Amino acid sequence: MELSSIVPWGRSYGEYCSMFSLSERDLECHILGCGDGPASFNAELTQHGGRIMSVDPIYQFSAEGIRSRIQRVYPGILAELARNTQHYYWGSFKDPGHVGSVRMSAMNRFLADFDNGLEDGRYVDASLPELPFFDAEFDLALCSHLLFLYSEQIDAAQHIDALVEMCRVAKEVRIYPLLSLDGRVSQHVPGVLRYFNERDYIAELKPVAYQFQKGASDMLVLRQKRD
């Protein structure tokens, strides 16, 4: 993987809590974040005394390399937001500049924590569908803005492989959003629900309070049926 091919864009602790309907009890769980990138959730939850690990191939690069890449792509992302304001719900954010401010603050929080987090083993260079963890090592696995969002780049079989692997390492899995980049519900959602509900899993859609991309009001929740 080349750093030049990555578009890092990290979300805040508050956004994670809203996107995944995280309760106080959830935040006390052992959590795995898949594809967290430069989000601040790991840094802030750790500061609050939580237990979390994040996996992403971007973690193979240095903090300065990631910072440089963020600075390079940041203006283009804000310009894209400004061109497509009609596709977003402006309740939590006032305008694209406000989004940029919140996200840059989150990414700076991540960057300040990154070297310590690497040393502590909280940031792991790995990616779905192969995770370097034991079965049921985590209570809860989260995946933000990767699966389903990139439905053209990640096919149905790859979605299922990734979700099966997340279910292997965690007792519960939550995915958000379920829309693809075109703003429509991913074409993979019905097949994923059918695949897991026909096997030893419980798969269901649950509403969340968070909504920025219009229509992105549900998360997918997966659990293995256990005796």
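The values are calculated or read from the model by the stated rules, or taken from the named source; none is laboratory data. This is a predicted model, so every value here is computed, not measured. Here the Cβ positions follow ideal geometry from the backbone for every residue, glycine too, while neighbour counts run over all protein chains shown. With ligands, DNA and RNA removed, areas are computed over all heavy atoms of the protein, side chains included. Shrake-Rupley method; radii C 1.70, N 1.55, O 1.52, S 1.80 Å.
Residue-level analysis places G183 among those that are in contact (Cβ under 8 Å) with a residue 40 or more places away in the chain, assigned to a loop (DSSP other than H, G, I, E, B) and of a type outside the set (A, V, I, L, M).
Is one or more of the residues making up region 161-171 open to solvent by 40 Å² or more (accessible area, probe 1.4 Å), within 17 Å of A39 (Cβ to Cβ) and not in a helix (DSSP H, G or I)? Checking region 161-171: not a single residue is open to solvent by 40 Å² or more (accessible area, probe 1.4 Å), within 17 Å of A39 (Cβ to Cβ) and not in a helix (DSSP H, G or I). A Cβ distance below 6 Å, combined with a sequence gap of six or more or placement on separate chains, defines the contacts here; from region 70-95, residues that are touching a residue at least 24 places away in the same chain (Cβ under 8 Å) reach residues that are open to solvent by less than 70 Å² (accessible area, probe 1.4 Å) and aliphatic (A, V, I, L, M) in the pairs I70/M107; F93/V99.
Scanning region 47-62 for residues that are buried (at least 17 other Cβ atoms within 10 Å of the Cβ) and either modelled with pLDDT under 95 or farther than 20 Å from E172 by Cβ (or both) yields D56, I58, Y59, F61. As for region 120-130, it holds no residue that is of a type in the set (A, V, I, L, M, F, W, C), under 16 Å from V7 (Cα atoms) and open to solvent by less than 60 Å² (accessible area, probe 1.4 Å). The set of residues from region 202-225 being farther than 16 Å from V185 by Cβ and free of Cβ contacts under 8 Å to residues at least 40 places away in the same chain comprises I202, K225.
Against the list (1) farther than 28 Å from V173 by Cβ; (2) touching a residue at least 24 places away in the same chain (Cβ under 8 Å); (3) among the hydrophobic types (A, V, I, L, M, F, W, C), the condition F41 fails is (1).
One line per residue, one yes/no per condition, for (1) in contact with a Phe, Trp or Tyr (Cβ under 9 Å, 6 or more places away or on another chain); (2) assigned to a loop (DSSP other than H, G, I, E, B); (3) under 15 Å from P177 (Cβ atoms):
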position: D113; (1), (2), (3): yes, no, no
position: G117; (1), (2), (3): yes, no, no
position: P132; (1), (2), (3): no, yes, no
position: D139; (1), (2), (3): no, no, no
position: C143; (1), (2), (3): yes, no, yes
position: L146; (1), (2), (3): no, yes, yes
position: I154; (1), (2), (3): yes, yes, yes
position: A157; (1), (2), (3): no, no, no
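Restricted to region 140-160, and to residues there that are touching a helix residue (DSSP H, G or I) at 6+ places or on another chain (Cβ under 8 Å) and not small (G, A, S), the residue that is surrounded by the fewest Cβ atoms within 10 Å (Cβ to Cβ) is I160. The set of residues in region 133-146 being touching a residue at least 40 places away in the same chain (Cβ under 8 Å) and either touching a strand residue (DSSP E or B) at 6+ places or on another chain (Cβ under 6 Å) or not aliphatic (A, V, I, L, M) (or both) consists of F133, E137, F138, D139, L140, A141, L142, C143, S144, H145. Of the residues making up region 100-117, those that are farther than 20 Å from G49 by Cβ and either without any contact (Cβ under 8 Å) to a residue 24 or more places away in the chain or open to solvent by 20 Å² or more (accessible area, probe 1.4 Å) (or both) number 6. In the set (1) crowded, with 17+ Cβ neighbours inside 10 Å; (2) hydrophobic (A, V, I, L, M, F, W, C); (3) within 23 Å of L220 (Cβ to Cβ); (4) out of contact with any Asp or Glu (no Cβ under 6 Å at 6 or more places or on another chain), A136 fails one condition alone, (1). Please name all residue pairs, on different chains or six or more residues apart, with Cβ atoms under 9 Å, provided the first residue is in region 15-36 and is in contact (Cβ under 8 Å) with a residue 60 or more places away in the chain and farther than 19 Å from L147 by Cβ and the second residue is open to solvent by less than 10 Å² (accessible area, probe 1.4 Å) and among the small types (G, A, S). These pairs meet every condition: H30/A170. Is it fair to say G91 is more than 18 Å from the chain's Cα centre (by Cα), more than 19 Å from L181 (Cβ to Cβ), open to solvent by 10 Å² or more (accessible area, probe 1.4 Å) and of a type in the set (G, A, S)? Judged against the criteria, G91 is a match.
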